[in-house]
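Asker: Below you'll find the structure I mean.
The values are calculated or read from the model by the stated rules, or taken from the named source; none is laboratory data. Please read these numbers as outputs of a predicted model, since none were measured by experiment. We place every Cβ from the backbone using ideal geometry, glycine too, and count neighbours over all the protein chains shown. Just so you know, the surface numbers come from the protein's heavy atoms only, side chains and all, with ligands and any DNA or RNA stripped out. Shrake-Rupley method; radii C 1.70, N 1.55, O 1.52, S 1.80 Å.
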Amino acid sequence: MTSLHMLDTQLTSDVCIKCNICTSACPVAAVTDLFPGPKVVGPQAQRFREPGAASVDHAVDYCSGCGACSLVCPHGVQIAEMNIIAKAEMAKRDGIPLRNRILGRSELLGKLGSLFAPLSNLPVQNKVLRGLGERLLGISQAAPFPRFARRTFRSWFERSGAGRDVMGIYKVVYFHGCSTNYYEPRVGQAAVKVLRLNGCKVSIAEQNCCGLPLQSNGEFSAARGYAEANLRKLAPYVRAGYVIVGTSTSCTLTFKHEYRSVLGIQGAEADLVAENTYDFFEFLQKLEAEGRLNTVFRPVRERIVYHAPCQFRTHAVGRPAADLLRRIPGVTLIETQADCCGVAGTYGLKVEKYQIATDVGQKAFEDIRAAQAARIACDSETCRWWLAGRTGVPAAHPVEILAEAYGI
Amino acid sequence: MTAQSRYDVIVVGAGLAGMFAGALAARRGARTLVIARGLGGTHLGPGTVDVRGYDSARRLVNNPEAEINQKPGQRHPSMLAGLPALREALAEFQKMCAAAGYPLIGALDENFFLPTAMGAVRPTCLAPESFAAGEVRQTGELALARLPGFRDFFADLMAANLSAAGYPARVVSLDLLGAPIRRDSFATDLARLFDDPGYREKVAHHWRAALKGVTRLGLPAILGLRETDGAWRDLRARLDIELFEIPILPPSVPGMRLFNILKKTLEAAGGRVTIGPGIKGWVNADHTSQSRMQSARTVAARTTTARIAAGVIAETAGGPRYYAARHIILATGSFRHGGLEAPTKGKIIETVFGLPVMTNEEWFAPLYSEAQPYARFGVRVNEKMQPVNEAGEVIYENVFAVGGLLAGADRNGEGSREGIDLATAWAAISNL
Amino acid sequence: MRLSTEVLVIGGGATGLGAARDAALRGFKTILVEKGDLTHGTSGRYHGLLHSGGRYVVRDPHSAADCYRENLILKRTLPSAIEDTGGFFAALPEDPPEYVEPFLAGCRRAGIPAEEIPPALALKEEPLLNPKLARIFRVPDAACDSFDAAHALAESIRAAGGEVWTRRKVMGLLRSGTRVVGAELEDVATGERLTLGADVVVNCAGAWTGMIAALAGCEVKVTPGKGVMIAMNSRLVNTVVNRLKPPSDGDILVPVGTVAVMGTTEVVVQNPDQYAIDDEEIELLLAEGEKLIPRFREFRALRAWAGVRPLFEDRPSALTPRPSLPGEEGEAAPGTDSRMMTRAHAILDHAIRDGVEGFISVVGGKFTTFRLMAEQAVDLAGHKLGAERKCLTAETPIDPPGQPFHKLNDRLRDVEASEKTEIVCECELVTRVQVEQALNKSGSLVLNDLRRDLRLGMGPCQAGFCAYRAAGILHSRTPLGGEVRRTNSALIEFLQERWKGLRPVMWGANLRQMELDLNIYRNLLGVDRLPTAREPEEYPTEKTA
C-alpha cells in the first residue's frame, strides 16, 4: 500500500482500469455536484497534468482526503494520495489563502492557545468573532472547535513521573500529537496509564506536530520540515528498541503512510518510523495476541456508539477499538454504518466546504442519534469534536473508556 | 512472526463469493474476517444470479438445471459439490436477500430472459423483483425511457434491437427534472436521487402524462441504492404501471445492493470486513499453524503430505500485519481483481499462496467476440474446494478456493458467474 | 457522373494533404481523394515524432537538414498539432563513443542546435531515465499529432477552395493515349462509381503508390517496411528520448499526449495491408525500453501497432534532381538493409520514366518532411500545367495567428471550462457535443473514424465504456433510428479493431482491463449475440494481425 515516493504515487494511475468502484465509494461525490468523483480528479486527470505547469482543473480541491477511494480500489491506485499531491501542486501555483495557513499550523496555534488559556477560548465561543472569522478568513462560524487546555499534556507527564519506569515488556514512545497536548490532555493521561498498567515503559520523546494539517492544506515544504524533525527525534528511539504508539489515528497514519507516499520522504529513518508505529488499539491487539493484555475489566454500564474514522480505515487493521470495547462488561456497543463523518480534518471547517461536510456526515449523525448512546467513541480528535458538536452527544477517545474499565 | 490477531475463518476477497462465504461462516459462529484489497465484482456486474445462461454454442438456455446436469461427470465449478449444494446455496442467498427486504426471485429450472442495455437478450436465473417485468417473452409492448442528460442508457438503440429480435419495444422520453447536474453522471448519482421519496413523488407526477398508454416501462437500474427502502415498489405504485430495471455500465447499483445486504448480514452475525490491504498467504517454514487455538481435531486430521497454512499477511499502511486463521477461503477472483496475475506474456500465478494454476499454451482467440481460452484458467480444486495439484493432491489442508479463481468455466460465455460464486462458497464453508 | 479538376491528389495522408493544400493555395482547382479515412495509412500509425534531424545527421545528412528546416516551418505554421517537448540524444556507457563527434559535426553542418547537458540535469527533468546515461544532448525534437495535423490541413484545403473526398477509392486511372486524364472512383460505402477528370494526377498514396502507378501502367517499386510501436499507458517521459548511437531498432521514446510511444522495428513485408506483430518485436521494444528507463517493464504496455514505411529504391537517373547541400557529392546509394535505404523522398515524373504524361508519383519520405515533398510535387505539377506559381506553404500559417503549441493539459482545461455536457470518452475527455459534431461532419458510420478524429477509445480502457456510448449516439443520429444492424456492426468492428492492438501486449494491468471490458460487452450487454450487417470474418479490419 505504501509507495516509495511522490512520482510512484502519481504513476499508480497506470493501473487504473476505469471501473468506477472508487466513484461509488466516495462520500463527497455522493452529496455534491461540485466534485465529479475520485476517478475523474485522480487517475483520469493525472494523465493530463503537466509537471511544472499551472493547474487547470480545480474540482480536485473538493476532495476531502478521506481515503475511501484508495481502500476500495482493487488495483492499487493511490487515488486519495495523488489527489493530495495535486492539491498541493495547485496551492503552489495559485497561492495558499491565509485561512489555510492558519488551519495548517496546529502546533503553533496550540502553543499560543494554551499559553493564553482560558482567555484564548473566548473567540471560539464569541458569535461576533466567529462571524468575523467567517467573513474575513472563511472559517465557518458554525463549525465546532475544541477548547485549549490550561495545562498541556506534556507538563502533566513531567510532573506525574509517569516516564520514570526503568523497565517494561515493551518500551513505548507515546506520540501525543497536538490535539492531546493542547486540547485533550486527559486522552494522553488515560493512554499512559493504560500502557503502564499493561507493563509498558512509556516515554514521550521530543516531538513536533506530525505535519498532516500542513500537508492537507498544500504546504508540503513546511510539512516536510515537521516530518524530518520528527524522524530525527524518533528514529533513535526505534533503534533503541522502542515502538511508537499514538492515540491520534491521523498522526499515526501520517507516520506510517503519508511521509513516504505523499511527502515523498525516503531513507532509513522514514522506513524505521513507519514500520514501528502503531495505532493505540492496534498495539493493544498485538499485546493480546501475545497473551500480554490485561483483560480484567470493571463494568461500564453504558450505551456507546463507535464511529471508525476514515483515517483509521486507511490503517487497514480492522476495528480493534470496537472489538475491545465490546468486551467490557456492561457496554452496549453500536457501530455507525456511516463511511465518513464529514469533517475530514480541517475540510469541514472551511466555509465553502461546511455544507458538503454536513451532508456527508448526515448518515453518521443519524446513526448516532438512533443509537441513543450516552457517549460517542472515536479514535480521531477532529471527528470527535465535529460529531459531538453536531449531535450534542459527548465524545471520548476509546482509551478513556478503557481506562474507566481498568479503574484507573 | 507473531499474529496481530486470530480468526477461525479468514476470507480473502470481498466479491460475491467472498462476502457470501463470510456471511455463512459468521452465521455458523466462526470468528470471521473478510479481508480484501479493494471491492469485488458485485460493483461491476448486473446484480443478478446467473447459473447457466448459454450452452456451449452460446445459445440461450431455458432450463439451467437441465443444462448443467447434462454431463454429470464434468468438473464444472458450479457442479463440483453436486447439484444439491448448488440448490442450497441459491436458496440460502435468496433467504438472506428476502430477509433484507430485497427478494431475488426465480427458479433453478427456468431462466429469465431479460433485456440488456444494448437491447440484446440476457438469460439469468435469479433476479430482483424490480427486474422481472422486463421478461421479453411476456406479451405486450414494452417501453424504454429515453433520459436526456444521462449518458449510459440508449433507449432508441435498445428498442431497435429488441424489436428486430421480435420483442416489440418503443421509446418514451422522460425528464429527470434537472438531474443530473454534472456532466460526469454515474448510475450511483441517479440512484441516490431515487432514494428520496420526495424526488420520486415529483418525478412520478411529472411523468404521468408522458406515460399514457404505457403498461411496461424499462428504466436503467438506478431505482434506489438503499435496497430496503423499496424505491422501485414505491415508484411503481405511484405510476401504476409495470416497471422494470435494466442493468447498465458500472458502477452497478443492483450489485452494490447485494454487497450491502451481505455486509450487513455478515456484520450482524459478528463478522468483520476490512477493505484495503493487499494480501499474501502466510505459511510457516514447518507448514504448521502457530496458533495456540489449534484444535486436536486439526492436528489429528493432518495428513503426511498436506500442509497447514498459518493465515494471511496484510500489507497495511505501516507494514505487514499477520493474521492467523484456522481456515482460509480464497475468493480472490480471476485476473480482473488480481486473484490470478499474468506478470508477463504467457505467465500466470495465483497471487496469495502461489498455488498451481491450470493453464494452456493458447490464451487468446483472434476475434474479440469469441470465447477466450484464458477464461478457463484457474486453480483446480477437489469437491471440498481444496486446491489440488495436477496429481490431485491437496496443497494446504486448511485453504479453500472458491468463485472466479477456479479453473474450468468461461463465466462470461456461459453466463455462470454468480452460480459458481454461491455454490462454491457454500461448499467450502460446509466442509469446514 | 462526370466532374473535373485541375489537380487530383490521390492519398489522404500527410503527403497528399500537404500537396492538396499547396496546390489549392497556388490557386489550382484541387480535389483530394482517399480510399479510407484521413491518415488511414502510414501517417495514422507513425511514431508521433517531429524530427529535429539529429537522427540522420551522420548517415543521411541531406535528410537531416531537410528535417530541421521543416521542423521549424511546421512549428511556425501548425503549432496546434505540435507539442514542443524538446528532445534528448542520450548515450549509455555501452554505446559507441566514437559516434558522438560525427553526430555533433553533422548537427553543426545541418544547423541543428545540439547542446550538451549534465546527466544530473536530465535526470532532474526526467526522473525515470537510466542514471547510467553518460552523455546527453538537447535537440529541438517535438511531438506531432498527425490526426490533428490532418484535420487542420483538410480545413485549410477547403478554406482555400479545394475539396477533400474520403472513402473514395481509386479503381482505375483514365488514359487518353499516353496521358493520364483522370480517375475512376468508387464510393466505398455505397459502391457507386464516379469518373473524375484531371489535368494532372499527383499520386501520394504512400505504401500503395506502386499499386496506383500500376493503374497507369507505370512501375514504381515501393518496399513496405513494417515498424512496430508500443504505446506505454503512462507518459513516462515529457521529452523525446533518442539513443545516441547509429540508428537502429527500438531507440526512440516519444511522449505523445497521455502516452509514451516506444519504437520502432524494421521488417520488410510483402503486403502493406496485411502483416502481423511478432512477439520478438514486442520483446525487443521492451528490452530497449529498459535500457532507457530501467523500470520500463513495471509499467503498462497499453497497445501495439505497426505502420508501414513506404521505402523507395530506384534507378538514380530517374530521380528528379534536388538541391544539394554545400560540399555534398551526390545521392546516397541505396543499400541492402532497408534501414539503409534512403528515407529521402523522390518526386517521380512519369513522363520521363515511363512516357506517361499528366502523372506524378511521390515516394519515400517521412512525416516531418511532408510539406517539402508536397512543395516539390506541386512545383512539378505546376510545370506540367504550364503555370509555374510560387509555393506559399512555408510562409502561410495553417493555424490562426497567436496559436500556441498544443499542451498536454489542453483537454483537461477545456473540459473544466465548458458547460455541462456529457463526457463520452472519459479517458481522453471527449464530450458528446464533440462526438455529434464529428459525426455530422464525416457522415461516417465507422467508430474507428471517430477514434481518429477525437481520440475516442485511445485511453487506458480502450473503449471499454465509450464504444458503447458512441454506438448509442451513432444510432440516435441516423435517420429514422437507422438500421440497427449497422450500429451493432459498427460497435463490434470497433471492439475488434481495438482488440488487434491489445492482443500483442495482453498481460498485467491490460489483462485486468480486458476482463472488465469483456464483462461489459459480453456479459452485461451481450453484444456478440446481436445481429450484424456482416459476418465477423468479413470485417474490414484494415490491417489484420
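Okay, residues lined up against (1) of a type outside the set (S, T, N, Q); (2) within 23 Å of C:CYS461 (Cα to Cα); (3) more than 8 Å from chain C (Cβ to nearest Cβ):
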residue	(1), (2), (3)
B:ILE328	yes, no, yes
B:ALA331	yes, no, yes
B:LYS345	yes, yes, no
B:THR351	no, no, yes
B:GLY354	yes, no, yes
B:PRO373	yes, yes, yes
B:VAL381	yes, no, yes
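Asker: Then there is this: Tell me the helices (runs of 4 or more DSSP H) entirely within the stretch B:186-271 that contain at least 3 residues that are more than 27 Å from A:LYS363 (Cα to Cα) and either in contact (Cβ under 8 Å) with a residue 24 or more places away in the chain or not aliphatic (A, V, I, L, M) (or both). Break it down into steps so the answer makes sense when it comes.
Answerer: Values: elements: B:187-194, B:197-207, B:231-239, B:253-268.
Where helices (runs of 4 or more DSSP H) fall fully within the stretch B:186-271 and carry at least 3 residues being more than 27 Å from A:LYS363 (Cα to Cα) and either in contact (Cβ under 8 Å) with a residue 24 or more places away in the chain or not aliphatic (A, V, I, L, M) (or both), they are B:197-207.
Asker: Can you tell me how many residues in the stretch C:136-154 are open to solvent by 40 Å² or more (accessible area, probe 1.4 Å) and modelled with pLDDT under 95? Walk me through it before giving the result.
Answerer: Step one: of the stretch C:136-154, the residues open to solvent by 40 Å² or more (accessible area, probe 1.4 Å) are C:138, C:148, C:151.
Retained after the next criterion (residues that are modelled with pLDDT under 95): C:148, C:151.
Looking only at that region, the number is 2.
Asker: I would also like to ask the following. Starting from the stretch A:41-52, keep only residues that are more than 7 Å from every other protein chain (Cβ to nearest Cβ) and more than 12 Å from A:GLN10 (Cβ to Cβ), then list their pairs with residues that are surrounded by 24 or more Cβ atoms within 10 Å (Cβ to Cβ) and of a type in the set (S, T, N, Q) whose Cβ atoms are within a distance under 7 Å, requiring at least 6 positions of separation or different chains.
Answerer: Pairs found: A:VAL41/A:ASN83.
Asker: Give the residues of the stretch B:356-383 that are charged (D, E, K, R) and either free of Cβ contacts under 8 Å to residues at least 60 places away in the same chain or not assigned by TED's automatic domain parsing to the domain that holds B:ARG58 (or both), sorted by residue number. Even if it seems obvious, please write down each step before you answer.
Answerer: Our first condition is that a residue be charged (D, E, K, R); within the stretch B:356-383, this holds for B:361-362, B:370, B:376, B:380, B:383.
Once the filter is applied, which keeps residues that are charged (D, E, K, R) and either free of Cβ contacts under 8 Å to residues at least 60 places away in the same chain or not assigned by TED's automatic domain parsing to the domain that holds B:ARG58 (or both), the stretch B:356-383 yields B:GLU361, B:GLU362, B:GLU370, B:ARG376, B:ARG380.
Asker: Would you confirm, using the coordinates I've provided, whether C:GLY36 is assigned to a helix (DSSP H, G or I), open to solvent by less than 10 Å² (accessible area, probe 1.4 Å) and under 30 Å from C:LYS384 (Cβ atoms)?
Answerer: Values: assigned to a helix (DSSP H, G or I): no; open to solvent by less than 10 Å² (accessible area, probe 1.4 Å): yes; under 30 Å from C:LYS384 (Cβ atoms): yes.
So C:GLY36 does not fit the description; no.
Asker: Quick one: which helices (runs of 4 or more DSSP H) sit completely within the stretch A:124-223 and have at least 1 residues that are touching a residue at least 60 places away in the same chain (Cβ under 8 Å) and basic (Lys, Arg)?
Answerer: Working: elements: A:127-132, A:153-160, A:185-197, A:212-216.
So the answer is A:185-197.
Asker: Could you identify the single residue in A:ALA308, A:ALA289 that is in contact (Cβ under 8 Å) with a residue 60 or more places away in the chain and of a type in the set (Gly, Ala, Ser)? Give the steps one after another, and end with the answer.
Answerer: Details: A:ALA289 fails: in contact (Cβ under 8 Å) with a residue 60 or more places away in the chain.
So the residue among A:ALA308, A:ALA289 that is in contact (Cβ under 8 Å) with a residue 60 or more places away in the chain and of a type in the set (Gly, Ala, Ser) is A:ALA308.
Asker: Checking the conditions here, which among C:LEU474, C:LEU491 is buried (at least 24 other Cβ atoms within 10 Å of the Cβ) and either more than 26 Å from C:ALA149 (Cα to Cα) or more than 9 Å from chain B (Cβ to nearest Cβ) (or both)?
Answerer: Values: C:LEU474 fails: either more than 26 Å from C:ALA149 (Cα to Cα) or more than 9 Å from chain B (Cβ to nearest Cβ) (or both).
It is C:LEU491.
Asker: Now, a different point. Cβ contacts < 8 Å: first residue assigned to a strand (DSSP E or B), restricted to the stretch A:381-408; second residue open to solvent by 10 Å² or more (accessible area, probe 1.4 Å), any location; separation 6+ or different chain. Result?
Answerer: Within 8 Å, the pairs are A:ALA395/A:ARG375; A:ALA395/A:TRP385; A:ALA395/A:ALA388; A:ALA396/A:ARG375.
Asker: Looking only at the stretch A:71-90, how many residues end up being part of a helix (DSSP H, G or I) and open to solvent by less than 20 Å² (accessible area, probe 1.4 Å)? Give the derivation first.
Answerer: The first filter runs over the stretch A:71-90 and keeps only residues part of a helix (DSSP H, G or I), leaving A:71-72, A:79-90.
Next cut, open to solvent by less than 20 Å² (accessible area, probe 1.4 Å) only: A:71-72, A:79-83, A:85-86, A:88, A:90.
Qualifying residue count, the stretch A:71-90: 11.
Asker: Those residues that are at positive phi and buried (at least 16 other Cβ atoms within 10 Å of the Cβ), I need them from the stretch B:90-134; list them, please. Talk me through it step by step, then tell me what you get.
Answerer: Applying the first criterion (at positive phi) to the stretch B:90-134 yields B:101, B:106, B:119.
If the condition is that a residue be at positive phi and buried (at least 16 other Cβ atoms within 10 Å of the Cβ), then B:GLY106, B:GLY119 are the ones that fit.
Asker: Given B:ARG137, B:ARG170, B:ARG87, which one is in contact with a Leu (Cβ under 7 Å, 6 or more places away or on another chain), charged (D, E, K, R) and open to solvent by 10 Å² or more (accessible area, probe 1.4 Å)?
Answerer: Details: B:ARG137 fails: in contact with a Leu (Cβ under 7 Å, 6 or more places away or on another chain); B:ARG170 fails: in contact with a Leu (Cβ under 7 Å, 6 or more places away or on another chain).
Answer to the check: B:ARG87.
Asker: Filtering the stretch B:64-84 down to residues that are in a helix (DSSP H, G or I) and under 15 Å from B:GLY403 (Cα atoms), which residue is most open to solvent (accessible area, probe 1.4 Å)?
Answerer: Here is the first cut: in the stretch B:64-84, the ones in a helix (DSSP H, G or I) are B:64-69, B:77-79, B:83-84.
Within this subset, residues satisfying the condition of being under 15 Å from B:GLY403 (Cα atoms) are B:77-79.
On the way: B:PRO77: 3, B:SER78: 2, B:MET79: 26 Å².
Here the residue is B:MET79.
Asker: What residue, of A:GLY342, A:GLY267, is more than 11 Å from chain B (Cβ to nearest Cβ), open to solvent by less than 10 Å² (accessible area, probe 1.4 Å) and at positive phi?
Answerer: Numbers: A:GLY267 fails: open to solvent by less than 10 Å² (accessible area, probe 1.4 Å).
Exactly one residue qualifies, and that residue is A:GLY342.
Asker: For residues that are of a type in the set (Gly, Ala, Ser) and buried (at least 21 other Cβ atoms within 10 Å of the Cβ), scanning just the stretch A:250-264, find the one that is nearest to the other protein chains (Cβ to nearest Cβ). Break it down stepwise before answering.
Answerer: Narrowing the stretch A:250-264 to residues of a type in the set (Gly, Ala, Ser): A:250, A:261, A:264.
Okay, now just the ones that are also buried (at least 21 other Cβ atoms within 10 Å of the Cβ), so A:250, A:261.
Details: A:SER250: 12, A:SER261: 9 Å.
Out of the qualifying residues, it is A:SER261.
Asker: Is it the case, given these coordinates, that A:ALA235 is assigned to a helix (DSSP H, G or I), touching a residue at least 40 places away in the same chain (Cβ under 8 Å) and touching a Leu at 6+ places or on another chain (Cβ under 6 Å)?
Answerer: Numbers: assigned to a helix (DSSP H, G or I): yes; touching a residue at least 40 places away in the same chain (Cβ under 8 Å): no; touching a Leu at 6+ places or on another chain (Cβ under 6 Å): yes.
So A:ALA235 does not fit the description; no.
Asker: Mind checking whether some residue in the stretch B:356-372 is assigned to a loop (DSSP other than H, G, I, E, B) and at positive phi?
Answerer: Looking only at the stretch B:356-372, we keep the residues that are assigned to a loop (DSSP other than H, G, I, E, B), and these are B:356, B:359-372.
Within this subset, residues satisfying the condition of being at positive phi are none.
Within the stretch B:356-372, none of the residues are assigned to a loop (DSSP other than H, G, I, E, B) and at positive phi.
Asker: Filter the stretch C:118-133 down to the residues that are outside any loop (DSSP other than H, G, I, E, B) and surrounded by 15 or more Cβ atoms within 10 Å (Cβ to Cβ), then identify the one that is farthest from the other protein chains (Cβ to nearest Cβ).
Answerer: Residues of the stretch C:118-133 that are outside any loop (DSSP other than H, G, I, E, B), as a first pass: C:119-125.
Narrowing the set further to residues that are surrounded by 15 or more Cβ atoms within 10 Å (Cβ to Cβ) leaves C:119, C:122-123, C:125.
On the way: C:PRO119: 18, C:ALA122: 14, C:LEU123: 12, C:GLU125: 9 Å.
Among residues in the stretch C:118-133 that are outside any loop (DSSP other than H, G, I, E, B) and surrounded by 15 or more Cβ atoms within 10 Å (Cβ to Cβ), the one farthest from the other protein chains (Cβ to nearest Cβ) is C:PRO119.
For every residue, the table says whether it meets (1) within 20 Å of the chain's Cα centre (by Cα); (2) farther than 14 Å from B:VAL402 by Cα; (3) among the charged types (D, E, K, R); (4) not in a loop (DSSP other than H, G, I, E, B).
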site	(1), (2), (3), (4)
B:TYR7	no, yes, no, yes
B:GLY18	yes, no, no, yes
B:LEU24	yes, no, no, yes
B:GLY38	yes, yes, no, no
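Asker: Quick one: is C:GLY111 on the phi > 0 side of the Ramachandran plot and open to solvent by 10 Å² or more (accessible area, probe 1.4 Å)? Before the answer, list the steps.
Answerer: On the way: on the phi > 0 side of the Ramachandran plot: yes; open to solvent by 10 Å² or more (accessible area, probe 1.4 Å): yes.
In short, yes.
Asker: The conditions are (1) assigned to a loop (DSSP other than H, G, I, E, B); (2) within 19 Å of the chain's Cα centre (by Cα), and B:PHE131 fails exactly one of them. Which is it?
Answerer: Evaluating B:PHE131 over (1) assigned to a loop (DSSP other than H, G, I, E, B); (2) within 19 Å of the chain's Cα centre (by Cα) leaves (1) as the failure.
Asker: State the number of residues belonging to the stretch C:518-544 that are facing chain B (nearest Cβ under 9 Å), modelled with pLDDT of 70 or more and open to solvent by less than 60 Å² (accessible area, probe 1.4 Å).
Answerer: Counting residues in the stretch C:518-544 that are facing chain B (nearest Cβ under 9 Å), modelled with pLDDT of 70 or more and open to solvent by less than 60 Å² (accessible area, probe 1.4 Å) gives 13.
Asker: Right, here's the next one. For C:ALA346, work out the one condition from (1) open to solvent by 50 Å² or more (accessible area, probe 1.4 Å); (2) at pLDDT below 95; (3) away from chain A (no Cβ under 14 Å) it doesn't fulfil.
Answerer: Going through (1) open to solvent by 50 Å² or more (accessible area, probe 1.4 Å); (2) at pLDDT below 95; (3) away from chain A (no Cβ under 14 Å) one by one, C:ALA346 breaks only (1).
Asker: Taking the stretch C:428-459, which residues are within 14 Å of chain B (Cβ to nearest Cβ) and either in contact with a Phe, Trp or Tyr (Cβ under 8 Å, 6 or more places away or on another chain) or in a helix (DSSP H, G or I) (or both)?
Answerer: Across the stretch C:428-459, the qualifying residues are C:LEU429, C:ARG432, C:VAL433, C:GLN434, C:VAL435, C:GLU436, C:LEU447, C:ASN448, C:GLY457.
Asker: Another question, then. Which count do you get for residues in the stretch B:140-166 that are outside any helix (DSSP H, G or I) and surrounded by fewer than 20 Cβ atoms within 10 Å (Cβ to Cβ)? Working first, answer last.
Answerer: Restricting attention to the stretch B:140-166, the residues satisfying the condition of being outside any helix (DSSP H, G or I) are B:140-154, B:165-166.
Filter once more, keeping what is surrounded by fewer than 20 Cβ atoms within 10 Å (Cβ to Cβ): B:140-141, B:146, B:148-149, B:165-166.
Qualifying residue count for the region: 7.
Asker: Go through (1) at pLDDT 95 or above; (2) within 9 Å of chain B (Cβ to nearest Cβ); (3) within 26 Å of the chain's Cα centre (by Cα) one by one and return the number of the condition C:ALA467 breaks.
Answerer: (2)
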